[in-house]
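Down below is the structure, laid out as structure tokens.
Read the figures in this text as sums done on the coordinates, not as results from a lab. Quantities reported herein were computed from a predicted structural model and do not represent experimental measurements. Neighbour counts run over all protein chains shown; Cβ positions are idealised from the backbone, glycine included.
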Amino acid sequence: MHPILIITFGPLLAALVAGLGNRMIGNVAAKSLTTAALFLSAALAWPIFLGYLSGSESAEVVRVLKWVESGTLSFDWALRVDTLTAVMLVVITSVSALVHLYSWGYMAEDPDQPRFFAYLSLFTFAMLMLVTADNLVQMFFGWEGVGLASYLLIGFWYQKPSAGAAAIKAFVVNRVGDLGFMLGIFGTYLVFQTTSIPEILAAAPGMSGSTITFLGMRLYTMDVLCILLFIGAMGKSAQLGLHTWLPDAMEGPTPVSALIHAATMVTAGVFMVCRLSPMFETAPTALALVTIIGAATCFFAATIGTTQWDIKRVIAYSTCSQLGYMFFAAGVGAYGAAMFHLFTHAFFKALLFLGAGSVIHAMHHEQDMRFYGGLRKHIPFTFWAMMAGTLAITGLGVYHLGLGFAGFWSKDAILEAAFARGNGAGQFAFWAGAFAALLTSFYSWRLMFLTFWGKPRWIESEHIQHAVHKTPEEAGADTTGGYHPHESPLSMLVPLGVLTLGAVAAGQVFAPSFLDSAAFWNGSIFYNEALIHAMHSVPYWVKYTALIVMLIGLAGAYLAYIARPELPAKFVQRFGAIHNFVYRKWYFDEVYDALFVRPAFALGRIFWQWGDIGTIDRFGPNGVAAVVARSSLAARSLQSGYVYTYALIMLLGLVAAVTYVLL
């Protein structure tokens, strides 16, 4: 049996057994089966990836079964394995396996653990289907599968109204993007008469310059198709305009945030653009749009991250911002750099999310950083793990020394590629990305300083005081509020340790292959040799831009939250309008509520009051049906069961009939 079959279908089998068995097989059996399946998948995925890294593997397609044959439309369910797939396999299976293990400790007190682990494994299977797709229909199957699984996981604690609302919001917003994705797939089949990805990519250069009628306009064919496909990516990867679901998705358990919103599902859009990169290279307008949207998202999300107090929301907006980097890298043609940042980001962002989960676990599920402080002495392992993640995301590294954390190698390469591209969109992306890097450093160190430095502030937390059953008077007499944070169990710390290694070394080890080796990619993405050479020739100030802004952001956070902690309050007091604008997330939710949500509810009420009640009910249940009901009541009163009653009715009927005939 080919390893790819075990890698992809093992999690599905585990999900079915755990989900259907549920309480019948018990918590331990469900957790053990799903976790073992994911570690087996990861153990098989890494040799495949290392084989492509060494050049000993070549692309292949493993046929599973004949799927659809209808007229000219015919395709198999087949699993495509090449370098791009191998990269995604190790990201998905490694992070998912560690999240499964982490969840043993984090979800230990949850009464519905089999369902949770079944959902996790189901999500992993759907994501694996997406990245191994050999045709667009199979990719869409995985695309919708991860959407379904994310809905189930975000709303896992369905008793909480906020969790249900967040799940519905994620589902609806993604449906908007998926409409564009579906239209893109339909249009691609219309143009190329096939859904096979290799056949489409081979024929794409020949369609350059052709036109098609769309929405009554004559437009370039490839631009239309690629823009429609990119709209799907905007929804799945939370780009500006379709991003509003991502921060609300933090209502799900923290392991869900790490799996879906850090390392896997939100990167599906980036993967899709890179998979179809030969198509996008024939669509300059679409590439410019990808670049501008990515750069704008990068800047926009970073500004919001500087004002949030919920530790998970800060990291969520950080994810949104880092996805912007990946997209504008793809937009300028640096698909290798985009995938490299996806790869390194998976390690350090999953580390930050799981580290945040360890903090939340230690603080009895308190997520507001204003109630943290001084935790580095209480949870030292979590502190050093999150320190490594922070150094990775902020991009600490020195170009001339050739040393740096994971984010240094991938983020710097993206900024260099944007600058080297030389066009207007590239320059916009470079400066937006550089400023976003400064903000990233600021909000990342702000998180660290508020959480791990300063005096303990958890005495002010209602959650913690309730947990230790102290009255405000009793808590006030105890400088710790009666609560002493504790380190997480081993099942949570081991994943943190493994991800820390990735955050520290993944960039250093894999940068040459991802960024400079066309042989490594072996045709799985469009590889722009000229751009790679131009990246290495940019001025030194470009190469040191990320380090400089990182240090500025660190200094700003230290000044505001350690040296002079009164500064943030003074800033808010003086620039309240600006702060409120950013804190309220640029009012996107309010604008969407006014433009779409309220009109939709108003329209629903109109149809309900005038349609259902005023028309259907009036002439249906309350109209004709009511007349029939009253008539049947009258008729029923005549059915007495006495013979003389029926004889009288017959006599009256006969008299009436004779009278009618005579008159």
| message | Can you order the peptides 348-356, 196-204 by their average number of other Cβ atoms within 10 Å per residue, highest first? | response | 348-356, 196-204
| remark: The farthest towards the positive end of the charge dipole of the chain, of the residues THR72, THR254, ALA45, given +1 on Cβ of Lys and Arg and -1 on Cβ of Asp and Glu, is THR254
| message | I need THR194, THR188, THR394, THR285 ordered by Cβ neighbour count within 10 Å, fewest first. | response | THR285, THR194, THR188, THR394
| Hey, what do the phi angles of the range 329-335 turn into as Karplus ³J(HN,Hα) couplings, whole Hz, using 6.51/-1.76/1.60 and θ = phi - 60°, x for Gly and Pro? | 5, 5, x, 8, x, 8, 5
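Roughly how many debye, to the nearest 20, is the charge dipole of the chain about its Cα centre, given +1 on each Lys and Arg Cβ, -1 on each Asp and Glu Cβ, and no other charges? Could you put the intermediate results ahead of the total?
On the way: 35 positive and 35 negative charges, 185 e Å.
Dipole of the chain, to the nearest 20 debye: 900 debye.
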| message | Using the Cα centre of the range 589-662 as origin and beta-carbon charges of +1 (Lys, Arg) and -1 (Asp, Glu), tell me which of MET650, VAL597, VAL627 is placed farthest towards the positive end of the dipole. | response | MET650
| request: Pairs to check: LYS377/LYS570; LYS160/LYS585; LYS169/LYS236. Give those whose C-alpha atoms are more than 21 Å from each other in this structure. | output: LYS377/LYS570; LYS160/LYS585
| For the range 589-662, size of Cβ-based charge dipole, Lys and Arg +1, Asp and Glu -1, in debye | 520
| Around TRP67: net Lys/Arg minus Asp/Glu count, Cβ-Cβ under 13 Å | -1
| message | Helix-only mean residue ellipticity at 222 nm, the chain, DSSP H runs n ≥ 4 weighted -39,500 (n - 2.57), per residue, nearest 500. What is it? | response | -22000 deg cm²/dmol
| note | Footprinting proxy, LYS236, LYS543, LYS66, LYS455: sorted fewest to most Cβ within 10 Å, the residues are LYS455, LYS66, LYS543, LYS236
| field | Nearest 10 degrees, 0 to 90: helix 26-54 Cα axis against the chain principal axis | value | 50
| C-alpha long axis of helix 625-637 to longest principal axis of the chain, angle in ° | 40
| said: In the chain, if the dipole is taken from +1 on Lys/Arg beta carbons and -1 on Asp/Glu beta carbons about the Cα centre, which of SER103, PRO485, LEU354 is farthest to the positive end? | reply: PRO485
| said: Given Cα positions, please report Rg to Rh for the range 589-662, the hydrodynamic radius being the Kirkwood one. | reply: 1.50
| Dipole of the range 210-328, Cα-centred, from +1 at each Lys and Arg C-beta and -1 at each Asp and Glu C-beta, to the nearest 20 debye? | 100
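Cβ neighbours within 10 Å, averaged per peptide: list 596-607, 222-233 in order, most packed at the top. Walk me through the intermediate numbers first.
Numbers: 596-607: 11.2, 222-233: 25.5.
With the highest mean Cβ count within 10 Å placed first, the list reads 222-233, 596-607.
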| Once both axes come from the Cα atoms, what is the angle between helix 545-558 and the longest principal axis of the chain, in degrees from 0 to 90, rounded to 10? | 80
| task | Starting with the highest mean, order 272-284, 334-346, 619-631 by the number of other Cβ atoms within 10 Å, averaged over the residues of each peptide. | result | 334-346, 272-284, 619-631
| How big is D for the chain, in µm² s⁻¹ as a whole number, if Stokes-Einstein is applied with the Kirkwood radius of its Cα pairs at 25 °C and 0.890 mPa s? | 91
| Amide H partners (placed H, <5 Å) of GLU57, local residues excluded | TYR52
| field | Phi-based couplings in Hz for the range 132-140 (Karplus 6.51, -1.76, 1.60; Gly and Pro marked x) | value | 9, 4, 9, 9, 5, 5, 5, 4, 5
| request: Pull up the cross-link candidates among the aspartates and glutamates for LYS455, meaning alpha carbon to alpha carbon under 18 Å and not fewer than 8 places away within one chain. | output: GLU366, ASP368, ASP478, GLU566
| Under the Karplus relation 6.51 cos²θ - 1.76 cosθ + 1.60, θ = phi - 60°, what is the ordered set of whole-Hz ³J(HN,Hα) values for the range 6-17, x standing for Gly and Pro? | 5, 4, 7, 8, x, x, 5, 4, 4, 5, 5, 5
| said: Going by Cα centres, the range 578-594 and the range 230-278 are how many Å apart? | reply: 21
